[in-house]
Amino acid sequence: MAEFDRPSVAAAPGAAVVDQGLRSYMLRVYNYMGIGLVVTGLVAYFTYTASFVEQAGHVVGLTAFGAAIFGTPLQWVVMLAPLAFVLVLSFGIQKLSVPVTQILFWAFAAVMGLSLSWIFAAYTMTSITQVFFISAATFLAMSLYGYTTKRDLTQIGSFLMMGLIGIIIASIVNIFLHSSGLSFAISIVGVLVFVGLTAWDTQKIKESYSVGFGADVLAKGAIMGALSLYLDFINLFLMLLRLFGNQRN
């Protein structure tokens, strides 16, 4: 997005000022991302408890609320709504105000919770918790690498984006094939891709910062950066869950 390109400035501020501003900017990015994950997790869990009937550790049916969501075409709306929010934020960011951008981000996180509530019905709580902490540790390590490395990750990022497109195509194909082998391969490749994207996106967010930007541009840039890292984390978590999660049945 042109809005986030680094402009030239007449006089660069002191290195200490730049470092302080960058740290503050990155902290804002991580705060948005972290709170977004909390919102998603809470909505997902409470949607599960309101939708699924559980007995002796097994899901045995749906409540009336669950049937209205997961037993009707509304489930496709719930599944596709997060994509709609991402598209609006990505392509409409220049026209959106900061408050509207924030509202859309929180709404996106909540809708993601609705669409992810099924994981509590499919996997045990213990395995979800374990995989979450594995994902968090991996994400933090790679994000720290992306922030501190002097290596330019641009070329690696381009390769990873091609890998992401391949994952999307393979996942669509597997909807019809129902191949467990292909699903396993997608998960393995997906972990590698999103681990790499975490480092790449972190470096991009860091390099997008400039003290020459206005407050509104930085505020919206922090939200969009949080969105990128949020998606990296969620997808990494889901890929690891498919590999290591213990299913209920």
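None of the figures in this text is laboratory data; all of them are computed from the coordinates on show. Only a predicted model underlies this, so the values are computations on that prediction, with no experimental measurement involved. Cβ coordinates were reconstructed from backbone atoms using ideal geometry, including for glycine residues, and neighbour counts include every protein chain displayed.
At a glance:
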read-out: Residue satisfying all of: in the stretch 155-186; hydroxyl-bearing (Ser, Thr, Tyr) and surrounded by 12 or more Cβ atoms within 10 Å (Cβ to Cβ); farthest from ASP19 (Cα to Cα) among these; value: SER179
read-out: Any chance THR149 is surrounded by fewer than 14 Cβ atoms within 10 Å (Cβ to Cβ) and touching a residue at least 40 places away in the same chain (Cβ under 8 Å); value: yes
read-out: Residue match in the stretch 146-153 (condition: basic (Lys, Arg) and in a helix (DSSP H, G or I)); value: no
read-out: Residues of the stretch 187-197 classified as among the hydrophobic types (A, V, I, L, M, F, W, C), within 15 Å of ILE169 (Cα to Cα) and either surrounded by 21 or more Cβ atoms within 10 Å (Cβ to Cβ) or touching a strand residue (DSSP E or B) at 6+ places or on another chain (Cβ under 9 Å) (or both), total; value: 1
read-out: Candidate set: the stretch 44-74, residues that are in a helix (DSSP H, G or I) and farther than 24 Å from PHE132 by Cβ; chosen: the one nearest to the chain's Cα centre (by Cα); value: LEU74
read-out: Residue selected from the stretch 204-233 under the condition outside any helix (DSSP H, G or I) and hydroxyl-bearing (Ser, Thr, Tyr), by the criterion farthest from PHE105 (Cα to Cα); value: SER210
read-out: Pairs with Cβ under 8 Å, 6+ apart, first in the stretch 84-97 and farther than 11 Å from VAL217 by Cα, second not in a helix (DSSP H, G or I); value: LEU89/LEU96; SER90/MET1
read-out: Residues located in the stretch 41-54, provided they are under 24 Å from PHE105 (Cα atoms), surrounded by 19 or more Cβ atoms within 10 Å (Cβ to Cβ) and touching a Phe, Trp or Tyr at 6+ places or on another chain (Cβ under 8 Å); value: ALA44, TYR48
read-out: Pair list, Cβ < 8 Å and 6+ apart or interchain, from the stretch 129-142 residues that are more than 14 Å from PHE194 (Cβ to Cβ) to residues that are of a type in the set (Phe, Trp, Tyr) and surrounded by fewer than 16 Cβ atoms within 10 Å (Cβ to Cβ); value: GLN130/PHE244
read-out: Top-ranked residue in the stretch 201-249 [being in contact with a Ser or Thr (Cβ under 6 Å, 6 or more places away or on another chain) and of a type in the set (A, V, I, L, M, F, W, C); ranked as surrounded by the fewest Cβ atoms within 10 Å (Cβ to Cβ)]; value: LEU243
read-out: Residue, farthest from LEU243 (Cα to Cα), within the stretch 87-129, restricted to residues that are assigned to a loop (DSSP other than H, G, I, E, B) and aliphatic (A, V, I, L, M); value: LEU96
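Condition check ((1) over 18 Å from GLY245 (Cβ atoms); (2) over 21 Å from the mean Cα position of the chain (by Cα); (3) outside any helix (DSSP H, G or I)) across all residues:
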site: GLY166; (1), (2), (3): yes, no, no
site: ILE175; (1), (2), (3): yes, yes, no
site: GLY190; (1), (2), (3): no, no, no
site: VAL193; (1), (2), (3): yes, no, no
